[in-house]
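The values are calculated or read from the model by the stated rules, or taken from the named source; none is laboratory data. On a predicted model such as this, the values are computed, not experimentally measured, just so you know. Ideal geometry is used to build each Cβ from the backbone, glycine not excepted, and the neighbour counts take in all protein chains shown. Each accessible area value is taken on the protein alone, full model and side chains, heavy atoms only, with ligands, DNA and RNA left out. Shrake-Rupley method; radii C 1.70, N 1.55, O 1.52, S 1.80 Å.
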Amino acid sequence: MLKQSEYRYARLPVDSTGSVAAAPLRYVDIFKATQTTYDAFLDNAYARYFADVDGAPMPKLRKMLSTAASLIDNVYAQRAYCINGGDATIAIGLAKRQKGLISPYLIPFLARFDSDELTKRKRKFGSKVGQMLQASFGDQTANMLEIRGLATASDKRRRGYATMLMHLAHEMSDAQGRAAFAVTTDAHGFHGEVGYTTVRGDSIRSDNRSWHGPAVRIDIMCRPPMAFTAPTASLSPNQAL
């Protein structure tokens, strides 16, 4: 399997003076990508669900640290891609992940600040998603491409960046004959526009009396591999493939 650096990147016209290239995220891009991802998911449904019971000090700093750790791990695993060094980001790779460099150590430390209710909600959310994936794809889940962390900076939206990054994922999926899936709470509309269909949906709320907000919708969305043609934006999701 070719390394990221051996692939040709597609180019997306922005205006008459230049273009924007999609490329692997680098360690030097982590700060910018962390801010982009944090801002993009700040008002996400599941983020509100967790923040509702997070009373510990410095919630933004803790979230920024966990986001940066995840991005660093994705760069290390060659799963992370971006536009303009972090104006938009995405993680693409096998659902069966490699052990990270930082997250296995930092995330448990940060979890010490979680309230009992927050710990309960995180576990319930993770368990719900796991059950939905098992019911949807069974043991095939580990061999599918997972799309995670798609985010675009607020001042860079409506330029086609997210769609371009999704096209990268689709070319990987098609070239390898693997289906791609995403777990989403708010972006089912966008994923539907780029070829995904909901294979299973559920929500979290009914059995949690401490949550007074709207139900948190969870959708498992999938796109099957299509006939592969000459790539315009092919990138390898990670060395394990």
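Given the structure, is T119 open to solvent by 30 Å² or more (accessible area, probe 1.4 Å), within 18 Å of Y46 (Cα to Cα) and either β-branched (V, I, T) or touching a residue at least 40 places away in the same chain (Cβ under 8 Å) (or both)?
Working: open to solvent by 30 Å² or more (accessible area, probe 1.4 Å): yes; within 18 Å of Y46 (Cα to Cα): yes; either β-branched (V, I, T) or touching a residue at least 40 places away in the same chain (Cβ under 8 Å) (or both): yes.
Yes, satisfied.
So which residues in the stretch 39-96 are touching a Gly at 6+ places or on another chain (Cβ under 6 Å) and over 28 Å from S203 (Cα atoms), if there are any at all?
Selection gives D73, R79.
Quick check on the stretch 57-71. Is at least one of its residues among the hydrophobic types (A, V, I, L, M, F, W, C), within 16 Å of the chain's Cα centre (by Cα) and surrounded by fewer than 18 Cβ atoms within 10 Å (Cβ to Cβ)?
Of the residues in the stretch 57-71, the ones among the hydrophobic types (A, V, I, L, M, F, W, C) are 58, 61, 64-65, 68-69, 71.
The next check asks that each one be within 16 Å of the chain's Cα centre (by Cα); those that pass are 64, 68-69, 71.
In the following step, the residues that additionally are surrounded by fewer than 18 Cβ atoms within 10 Å (Cβ to Cβ) were identified as 64.
Yes, some residue in the stretch 57-71 is among the hydrophobic types (A, V, I, L, M, F, W, C), within 16 Å of the chain's Cα centre (by Cα) and surrounded by fewer than 18 Cβ atoms within 10 Å (Cβ to Cβ).
Results for (1) out of contact with any strand residue (DSSP E or B) (no Cβ under 7 Å at 6 or more places or on another chain); (2) at pLDDT below 95; (3) closer than 18 Å to L150 by Cβ; (4) of a type outside the set (G, A, S), shown as yes or no for each residue.
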| position | (1), (2), (3), (4) |
| --- | --- |
| G18 | yes, yes, no, no |
| A22 | no, yes, yes, no |
| F31 | yes, no, no, yes |
| Y38 | yes, no, yes, yes |
| Y46 | no, yes, yes, yes |
| G55 | yes, yes, no, no |
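Filter the stretch 192-226 down to the residues that are open to solvent by 80 Å² or more (accessible area, probe 1.4 Å) and either assigned to a strand (DSSP E or B) or of a type in the set (A, V, I, L, M) (or both), then identify the one that is farthest from Y46 (Cα to Cα). Walk me through it before giving the result.
Pass one, the stretch 192-226, residues open to solvent by 80 Å² or more (accessible area, probe 1.4 Å): 193, 197, 200, 205-207, 209, 212, 214, 217, 226.
Those left that are additionally either assigned to a strand (DSSP E or B) or of a type in the set (A, V, I, L, M) (or both): 197, 200, 217, 226.
Details: T197: 21, R200: 17, R217: 9, M226: 31 Å.
It comes out as M226.
Do any residues in the stretch 122-136 that are at pLDDT below 95 have Cβ atoms under 9 Å from those of residues that are surrounded by 14 or more Cβ atoms within 10 Å (Cβ to Cβ) and in a helix (DSSP H, G or I), where the two are at least six apart or on different chains, and which pairs are they?
Hits for this filter: K122/F50; F125/Y46; F125/Y49; F125/F50.
Inspect all residues belonging to the stretch 205-221 and state whether any of them is touching a Leu at 6+ places or on another chain (Cβ under 7 Å) and at pLDDT 75 or above.
Yes, the stretch 205-221 contains at least one residue that is touching a Leu at 6+ places or on another chain (Cβ under 7 Å) and at pLDDT 75 or above.
Tell me, please, whether a residue that is touching a Lys or Arg at 6+ places or on another chain (Cβ under 7 Å), in a loop (DSSP other than H, G, I, E, B), among the polar types (S, T, N, Q) and modelled with pLDDT of 90 or more can be found in the stretch 228-237.
Within the stretch 228-237 (the criterion being touching a Lys or Arg at 6+ places or on another chain (Cβ under 7 Å), in a loop (DSSP other than H, G, I, E, B), among the polar types (S, T, N, Q) and modelled with pLDDT of 90 or more), the answer is no, since none of the residues qualifies.
Condition check ((1) open to solvent by 80 Å² or more (accessible area, probe 1.4 Å); (2) over 25 Å from F50 (Cα atoms); (3) in contact (Cβ under 8 Å) with a residue 40 or more places away in the chain) across all residues:
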| residue | (1), (2), (3) |
| --- | --- |
| G100 | no, no, no |
| F109 | yes, no, no |
| D114 | no, no, yes |
| M144 | no, yes, yes |
| G149 | no, no, yes |
| T152 | no, no, yes |
| H167 | yes, yes, yes |
| H170 | no, yes, yes |
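With respect to A77, is the statement that it is of a type in the set (G, A, S), open to solvent by less than 30 Å² (accessible area, probe 1.4 Å), closer than 22 Å to K99 by Cα and at pLDDT below 95 true?
On the way: of a type in the set (G, A, S): yes; open to solvent by less than 30 Å² (accessible area, probe 1.4 Å): yes; closer than 22 Å to K99 by Cα: yes; at pLDDT below 95: yes.
Against the criterion (of a type in the set (G, A, S), open to solvent by less than 30 Å² (accessible area, probe 1.4 Å), closer than 22 Å to K99 by Cα and at pLDDT below 95), A77 qualifies.
Assuming G192 fulfils every condition listed in (1) small (G, A, S); (2) under 17 Å from the mean Cα position of the chain (by Cα); (3) modelled with pLDDT under 90 apart from one, which condition is it?
(3)
Specify the residue that is farthest from the chain's Cα centre (by Cα); the eligible residues are those in the stretch 115-149 that are part of a helix (DSSP H, G or I) and of a type in the set (S, T, Y). Talk me through it step by step, then tell me what you get.
Start the filter on the stretch 115-149 by keeping residues that are part of a helix (DSSP H, G or I), which leaves 116-143.
Keeping just the survivors that are of a type in the set (S, T, Y) gives 119, 127, 136, 141.
Values: T119: 21, S127: 18, S136: 19, T141: 16 Å.
Here the residue is T119.
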